[in-house]
Amino acid sequence: MSGECINVSVRIRPLPINESLENEVSVFKKLITPNTPGALVTEQGKDSGIRYNSVFTEQSTNEEIFQDIGETAVQRLLDGYNGTIFMYGQTGSGKTHTMTGVPEDDGLTGRVIEHIYKMIGETSTREFLVRGAYIELYNEKLHDLLNKRK
C-alpha cells in the first residue's frame, strides 16, 4: 500500500471529557494497529476485512498522525506533487480536533504549514511557490475558510 497515490487512514476519536465522565465506551472494543497496513476488527474480535494504510486509536496524538500522514504529504509536495489531506466524517467525529487540535496537542493544519516552511528553509537549491486552500464542504455548500468575506 505504501507506493499508492491515495492513502486512507482512520482515527478513532478520543472520547470528550463529558463522555468520559459519563463512563461512555468507544464503539471500537478491539483494534489491531500493526503499523501498516491496519485492520479494523469488529466488537466480536473478527477481522472486518477493511484495510487502511494507518489506524489510529483513541490514545493516538495529533503528533503521531502528523508524523505518519503530514510529513509524507509535505515530502510529496516538495517533490512537485499536489497534496490534499481530506477529512471526512459525521458531525462530532473528531475532524476539527485532528485538523486544528487543542492547546496541548496542535492539529495537522499548523504542523503541516510549519513543516512546509521548515523544509523550504532547509532547501537552498530550489525556489518554491506556495499556494494553499483551506475549505469546508458542509451541507453541500463549499466554504473558503481563509476568506473572511462570506
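The values are calculated or read from the model by the stated rules, or taken from the named source; none is laboratory data. All figures in this text were calculated on a predicted structure; none of them were measured in a lab. We place every Cβ from the backbone using ideal geometry, glycine too, and count neighbours over all the protein chains shown.
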Quiz item: Can you find even one residue in region 81-95 that is touching a strand residue (DSSP E or B) at 6+ places or on another chain (Cβ under 8 Å), outside any loop (DSSP other than H, G, I, E, B) and modelled with pLDDT under 90?
Solution: no
Exercise. Test each condition in (1) without any contact (Cβ under 8 Å) to a residue 12 or more places away in the chain; (2) under 10 Å from the mean Cα position of the chain (by Cα); (3) part of a helix (DSSP H, G or I) for residue 68 and report the one that comes out false.
Key: (1)
Quiz prompt | Inter-residue pairs, beta-carbon under 9 Å, first among the acidic types (Asp, Glu) and in region 86-113, second surrounded by 12 or more Cβ atoms within 10 Å (Cβ to Cβ) and part of a helix (DSSP H, G or I), 6+ apart | solution = 105/62; 105/63; 105/97; 106/62; 106/63; 106/66; 106/100; 106/114
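Table: residues versus (1) exposed (fewer than 13 other Cβ atoms within 10 Å of the Cβ); (2) in a loop (DSSP other than H, G, I, E, B); (3) modelled with pLDDT under 85.
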residue: 49; (1), (2), (3): yes, no, yes
residue: 58; (1), (2), (3): no, yes, yes
residue: 120; (1), (2), (3): no, no, no
residue: 125; (1), (2), (3): yes, yes, no
residue: 148; (1), (2), (3): yes, yes, yes
Quiz item: Right, residue 75: closer than 15 Å to residue 11 by Cα and of a type outside the set (Asp, Glu) or not?
Solution: no
Practice problem: Output the number of the condition that residue 78 fails; it satisfies all remaining conditions of (1) within 25 Å of residue 129 (Cα to Cα); (2) loosely packed, with under 13 Cβ neighbours inside 10 Å. | Solution: (2)
